[in-house]
Structures are given as C-alpha cells and as structure tokens.
Amino acid sequence: LDMEMSFVEQEDIFKVVEPIFFSLFTEFGKGKTVSKAPFKKITYKNSMLKYGTDKPDLRNPIEISDVTELINRGDVKLDIFKKIIEKGGVVRAIPAPNTSSKPRSFFDGYNNWAKEEGARGLGYIIFEKSNGKLIGKGPLGKFFSEKAISELAKICGLKEKDSVFFSSDKIKEAEKISGIARQKLGKELNLINKKKFEFCWITDYPMYQYDEKEKKIDFSHNPFSMPQTNIKDFDKVDPLSIIAYQYDLVCNGYELSSGAIRNHLPDLMYKVFSKVGYSKAEVNSKFEGMIKALSYGAPPHGGMAPGIDRIAMLLAEEENIREVTLFPMNQ
C-alpha cells in the first residue's frame with residue numbers, strides 16, 4: 001500500500017492517511033475504540049525520553065522522566081549516579097503505580113532482570129506517607145532529602161503507594177532499558193487497555209547519528225528525506241542537530257509505516273551526502289538514476305508505504321507477523 005504525492009507538505013499526507021486508518025480499524029477492529037483524527041504527534045526526541053522507544057504503545061499510561069538535574073543536586077547523596085552523570089550519563093525515572101505493597105522480590109526481580117538485559121540494574125524508591133508528608137522508602141530513599149523526594153514525586157506524577165525505578169547510564173542505554181521496563185510494568189500491572197487502537201505519528205527524526213563503532217557520522221533513518229535546514233545554512237550547523245521531514249505511523253507499539261517528504265533538490269542531496277563522506281562523483285555513481293531524474297526538475301513530493309502484514313497482525317490480534325504472512329520465513 002504505497003502512496004507518493006506531489007506538491008505536499010507533511011501535514012497534507014497526515015490528513016490523507018488518518019481517515020483511511022480510522023475507517024479501516026473501525027470497520028475491522030472488532031468494536032475496539034480507534035484514535036480519532038488528528039492523531040497525536042510526538043517528536044522523536046520526546047518519544048525516546050517519555051517512552052524509551054520510537055514505537056510507543058500509548059495504551060500504557062506510564063511516562064518516563066529525566067531526573068538527571070535533580071539527582072545531581074547537593075541534597076541527593078547518590079554518588080554512584082553522580083559519577084555516571086559526570087561521565088555524560090543520564091538518570092531516567094520509570095513510575096510503577098500502586099506497587100508499594102508489592103513484596104521485596106518484585107523490586108529485586110526488576111533489578112536482576114535489568115542486569116540480564118545488559119543494563120546496570122534498576123534502583124527504586126517506594127512512596128509512603130508519614131505524618132501527612134510523602135517519604136521515600138527502599139534502598140535509595142535515604143539518599144534523598146525531604147524536599148528532593150517531594151520534587152521527584154512532582155516531576156514523575158507520583159503519589160502515596162506508588163514506586164519509581166531508576167536507570168542511570170549513557171543516554172542510549174538508559175533509554176533502551178527504561179523503554180523495555182515501562183512496557184514490562186504496563187503488562188505486569190495490567191495497565192494496558194486491550195480494547196483500544198492508539199495511533200500516533202513520530203516526527204522530526206534526526207538526519208544523522210554518530211556511529212560509536214566507526215567513529216563517524218552516519219545517516220540515522222532515510223538519507224533521501226528532506227532536511228529541515230535551508231541549503232544556505234546547511235554547512236553552518238552541527239550535522240547532529242539537523243532534523244528531517246521524516247515520520248512513522250505507530251499503533252499499539254508497532255510501526256505500521258515509515259514516510260518522508262523527499263529531497264528533490266540535487267544540490268541539497270550532494271550536501272546531505274557530503275556530511276557522511278560521499279563526494280559528488282560517488283553520489284553520481286551510486287545514485288545515478290535518481291540524481292539524473294531529479295536534475296530535470298521534480299515537484300516537492302512525499303509519501304509513505306504502510307505494511308499490510310502489520311495491519312493484518314494488529315486486526316487479527318496476533319503478536320507474531322508470521323501468523324498472518326502468506327509464506328513466512330520459518331523452520
């Protein structure tokens with residue numbers, strides 16, 4: 001199911017796609033409620049912060065918070081986290097609603113599980129009330145002042161009988177484990193409403209990323225997308241700050257489609273590829289057909305291609321795409 005439209009901007013594509021998906025999922029969704037248009041729009045940056053993934057399941061009400069600044073204060077004595085922050089790390093807080101009465105094994109289980117997933121572990125605080133004031137219990141509670149506990153609760157939207165887990169690591173690692181922990185908590189605490197199809201757009205993907213292994217800048221998503229930076233300013237800005245007109249359509253934690261406004265300007269294409277080390281001659285050689293076609297003049301255009309297998313998988317309430325694929329790759 002592929003569409004490409006001329007003389008459009010991002011919003012035009014959203015307006016065409018949303019009614020199709022609303023109708024499709026309303027008709028074949030077995031009575032489940034479906035997000036009404038306009039679908040929620042979340043930037044890639046906010047999605048990675050609040051959900052730890054660019055494929056968020058919005059049926060899960062848990063939202064992750066960045067508490068690096070709070071942890072780094074003088075009235076919080078968590079030296080182990082502060083050392084990670086000194087080295088450029090972050091601290092993310094993952095709320096666990098109504099879990100204060102859970103046994104110690106519940107919290108230790110999450111800590112051990114995180115280590116098995118390759119993370120440093122998950123520290124935690126349990127919130128209770130004493131003399132009308134919110135206090136923090138558990139192994140980390142004693143390291144927080146009364147004021148810091150109060151502010152932590154405010155930042156994370158926590159109340160009495162809630163708990164919070166902490167992930168402290170380099171940003172990518174902290175995002176990854178907090179995102180998986182959020183979804184694990186959502187399932188285990190029965191917070192996910194299974195009678196809904198929650199759609200959203202993830203927008204503003206970064207054009208580039210830094211490849212730690214190769215020690216160089218590379219493309220992060222789709223090199224042929226239109227950057228949100230003017231050609232005149234392209235060489236003046238940090239490549240890692242450049243975002244693109246790229247978007248994904250996500251439903252219940254699954255990416256149903258990737259799309260973009262396309263880069264239709266050969267001169268800008270050369271600039272975009274130069275940031276990852278391609279010469280003009282290499283671009284002409286590797287992408288000859290595209291560059292030649294665009295050099296004759298092309299309208300601004302954009303589109304997307306939703307995956308029918310994934311749509312069928314969601315409608316059929318299957319968790320594995322192989323169950324709905326005609327000839328699945330299996331044993």
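The values are calculated or read from the model by the stated rules, or taken from the named source; none is laboratory data. Computed from a predicted structure; not experimentally measured. Quick reminder, even Gly has a Cβ in these numbers, built from the backbone with ideal geometry, and neighbours come from all protein chains shown. What goes into the accessible areas is simple: the full protein's heavy atoms, side chains included, and nothing from ligands, DNA or RNA. Shrake-Rupley method; radii C 1.70, N 1.55, O 1.52, S 1.80 Å.
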(request) Tally the residues that are out of contact with any strand residue (DSSP E or B) (no Cβ under 6 Å at 6 or more places or on another chain) and under 19 Å from residue 36 (Cβ atoms), restricting the search to region 195-215. (result) 2
(message) I'm told residue 119 meets every condition in (1) in contact with a Ser or Thr (Cβ under 8 Å, 6 or more places away or on another chain); (2) modelled with pLDDT under 95; (3) closer than 17 Å to residue 63 by Cβ except one. Can you identify the failing condition by its number?
(response) (3)
(message) For residue 201, only one of the following conditions fails: (1) under 18 Å from residue 95 (Cα atoms); (2) of a type outside the set (Val, Ile, Thr); (3) not in a helix (DSSP H, G or I). What is its number?
(response) (1)
(request) Considering only region 259-276, state which residues are within 16 Å of residue 301 (Cβ to Cβ) and either of a type outside the set (A, V, I, L, M) or touching a His at 6+ places or on another chain (Cβ under 9 Å) (or both). (result) 259, 260, 261, 262, 263, 264, 266
(message) Take the residues in region 135-159 that are out of contact with any Phe, Trp or Tyr (no Cβ under 6 Å at 6 or more places or on another chain) and in a strand (DSSP E or B); name whichever of them is nearest to residue 67 (Cα to Cα).
(response) 144
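Taking region 209-223 as the region of interest, how many residues are assigned to a strand (DSSP E or B) and open to solvent by 50 Å² or more (accessible area, probe 1.4 Å)?
Of the residues in region 209-223, 4 are assigned to a strand (DSSP E or B) and open to solvent by 50 Å² or more (accessible area, probe 1.4 Å).
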(message) Among the numbered criteria (1) touching a residue at least 24 places away in the same chain (Cβ under 8 Å); (2) over 17 Å from residue 202 (Cα atoms), which one does residue 40 miss?
(response) (2)
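Tell me the residue from 65, 101 that is over 23 Å from the mean Cα position of the chain (by Cα), of a type in the set (S, T, N, Q), more than 30 Å from residue 263 (Cβ to Cβ) and open to solvent by 10 Å² or more (accessible area, probe 1.4 Å), please.
Answer to the selection: 101.
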(request) Determine whether region 281-295 contains at least one residue that is touching a residue at least 12 places away in the same chain (Cβ under 8 Å) and either surrounded by fewer than 15 Cβ atoms within 10 Å (Cβ to Cβ) or assigned to a strand (DSSP E or B) (or both). (result) yes
(message) Testing residue 235 on (1) open to solvent by 80 Å² or more (accessible area, probe 1.4 Å); (2) assigned to a strand (DSSP E or B); (3) farther than 25 Å from residue 65 by Cα, one condition comes back false. Which one is that?
(response) (2)
(message) Restricting to region 298-320, and then to whatever is without any contact (Cβ under 8 Å) to a residue 12 or more places away in the chain and not acidic (Asp, Glu), can you tell me which residue is nearest to residue 267 (Cα to Cα)?
(response) 320
(request) Of all residues in region 1-13, count the ones that are over 18 Å from residue 307 (Cβ atoms) and either in contact with a helix residue (DSSP H, G or I) (Cβ under 7 Å, 6 or more places away or on another chain) or aromatic (Phe, Trp, Tyr) (or both). (result) 2
(message) Please list, ordered by residue number, the helices (runs of 4 or more DSSP H) wholly in region 29-106 having 3 or more residues that are closer than 30 Å to residue 244 by Cβ.
(response) 44-51
(message) Of the conditions (1) open to solvent by less than 50 Å² (accessible area, probe 1.4 Å); (2) on the phi < 0 side of the Ramachandran plot, residue 9 satisfies every one except a single condition; which number is it?
(response) (1)
(message) Tell me the residue from 170, 154, 147, 184 that is more than 24 Å from the chain's Cα centre (by Cα) and either open to solvent by 20 Å² or more (accessible area, probe 1.4 Å) or farther than 20 Å from residue 85 by Cβ (or both), please.
(response) 147
(request) Kindly provide the set of residues from region 238-275 that are under 26 Å from the mean Cα position of the chain (by Cα), hydrophobic (A, V, I, L, M, F, W, C) and part of a loop (DSSP other than H, G, I, E, B), ordered by number. (result) 242
(message) Take the conditions free of Cβ contacts under 8 Å to residues at least 12 places away in the same chain and under 21 Å from residue 8 (Cα atoms) and apply them to residue 278. Does it pass?
(response) no
